[in-house]
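Laboratory data are not the source of any read-out in this text; all were calculated from the coordinates shown. The structure presented is a predicted model; accordingly, all values stated were derived computationally and were not measured. Don't worry about glycine lacking a Cβ; one is built from the backbone with ideal geometry, like all the others, and counts go over all protein chains shown.
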Ligand SMILES: *Cc1c(COP(=O)(O)O)cnc(C)c1O
């Protein structure tokens, strides 16, 4: 594992430095931007190496894979968090509510209700609403014009706390080309916040991946979801969709 551990520690330091530089460029406090290490398809030992290098937050896109990985790891401390970033079926909501500290991919009231009814913690489960910001037929997420109504409905559910938006923009040739999508998601969050809906805030923006996280930070990201830049290229997992659907695989 040593070579792999060294490489992950090295990649982590580079990503952290790039995140800080992006914050400096746009005058943001680096503490406002958190790195979600996307460990999907990576074995538990790789997660452990990242933890050893100081990484605390991990993103998975399949519930069962995350459960198996959590089971395979020793107790890693209360500060570590697992976030679900992939599509969630309602019949796995109970399991997901028990495994994850945040769900980034809530895209329907039915799913929000299922998560709310299964969450039995003392505090509410933080969730983000996934928005189909590029209006792509093959992508999940609500359309921007539906977001405020869904936020109003979610605000009424005890058990979950809507705290922001998430998007997977269309694949673009350059990071710069993704900027308008990040701007649109940030603008939508401000628009929802302006409604002053009781019980919700739009303080979190989950946007930006390996190839465009710096641009996302410049546009207000509070969570960047970085996989391949940290862990190297992924091997295709069974059931993975073609790369145009990257990040939108079924659980
Ligand atoms: C896989 C995935 C990522 C990470 O993608 P990279 O390009 O490897 O950084 C981010 N977000 C979601 C939703 C994903 O499924």
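Quickly run through region 195-230 and pick out the residues that are free of Cβ contacts under 8 Å to residues at least 40 places away in the same chain, surrounded by fewer than 21 Cβ atoms within 10 Å (Cβ to Cβ), farther than 13 Å from residue 164 by Cα and more than 9 Å from the ligand (Cβ to nearest atom).
The answer is 196, and nothing else.
Here is a check on your reading of the model: is residue 41 assigned to a loop (DSSP other than H, G, I, E, B) and without any contact (Cβ under 8 Å) to a residue 24 or more places away in the chain?
The answer is no for residue 41.
Does residue 9 satisfy the condition of being farther than 18 Å from residue 234 by Cβ, more than 15 Å from the ligand (Cβ to nearest atom), more than 17 Å from the chain's Cα centre (by Cα) and not in a helix (DSSP H, G or I)?
In short, no.
Condition first: exposed (fewer than 15 other Cβ atoms within 10 Å of the Cβ) and under 22 Å from residue 69 (Cα atoms). Now tell me which residues in region 99-119 satisfy that.
Scanning region 99-119 gives a single hit, 101.
Condition first: part of a helix (DSSP H, G or I), within 20 Å of residue 167 (Cβ to Cβ), over 14 Å from the mean Cα position of the chain (by Cα) and more than 13 Å from the ligand (Cβ to nearest atom). Can you find one or more residues in region 49-60 that meet it?
No, the conditions are met nowhere in region 49-60.
What are the residues in region 74-118 that are closer than 22 Å to residue 56 by Cα, within 16 Å of the ligand (Cβ to nearest atom) and touching a helix residue (DSSP H, G or I) at 6+ places or on another chain (Cβ under 9 Å), if any?
82, 84, 86, 96, 100, 103, 105
Out of all the residues in region 69-95, which are outside any helix (DSSP H, G or I), within 24 Å of residue 109 (Cβ to Cβ) and over 15 Å from the mean Cα position of the chain (by Cα)?
Scanning region 69-95 gives a single hit, 89.
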